[in-house]
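See below for the structure under consideration.
The values are calculated or read from the model by the stated rules, or taken from the named source; none is laboratory data. Worth saying up front: this structure is predicted, and the values here are computed from it rather than measured. Cβ: placed from backbone, ideal geometry, glycine included. Neighbour counts: every protein chain shown.
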Amino acid sequence: MAAPSYLTKNIKICHHENQPVLMKKIFLTALFLLITPLTLGISLFSLNKLSRVKEIGVLARSSVKGMATSGSASQLFAALPETVSDISSAITTGDARPVIISQYLDQSGSPMAPYADFIFEMSEKYGLDYRLMIAIAQCESNLCKKAPPESYNCWGFENGATKFLSWQQAIEQVAKTLKEGYIDQGLTTPEEIMAKYAPPSVEKGGPWAKCVHQFLEELK
């Protein structure tokens, strides 16, 4: 039996009315499926970033606290490009040696004090222990305070008979002589140098070598 015409008409109307609702549901479902993963991804990314920022903050605070408690607050600024950092990093044990010479000669009132840098320069040039020339001069002439007048001979060359023309000539000649006449000949210790430099001292039990040793130690 065929359905009445009014019933068929109502079914068609209902079908047409349900189509927009169905499409809307499909659209909303698709939109939900698209937006939900994106939102979740953004949230996870944000949480990760926030966690890392907090972690860095904690580490920074703990580092600063550690530096403060250790008493070395200057380390906090170690990465800053300060002008003095270049100077500080350039200071080494080697750089301190001419300063040690200068201070020692100044404190002793030696007339060689203005030539401390030159003494160090000549010691380096001829490969000498920077303390050796000072120690010998201390033992021979009390750092030139008892040297023959205007001789610049602080090291007792030829029992004080040698006269140099200037401090520079005296310092370089002594350095060169110690290098070529002693060190290069295998005479490197005060005792070995004494046998040739001050032989009478050997017969007396070696006071010259003991004196040189004493002032070598003072200059460390």
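Couple of notes before you dig in:
- Taken together, the criteria exclude GLU140 from residues that are at pLDDT 95 or above, farther than 27 Å from PRO114 by Cβ and surrounded by 14 or more Cβ atoms within 10 Å (Cβ to Cβ).
- Residue ID - nearest to the chain's Cα centre (by Cα), chosen from residues in segment 155-208 that are among the small types (Gly, Ala, Ser) and part of a helix (DSSP H, G or I): ALA175
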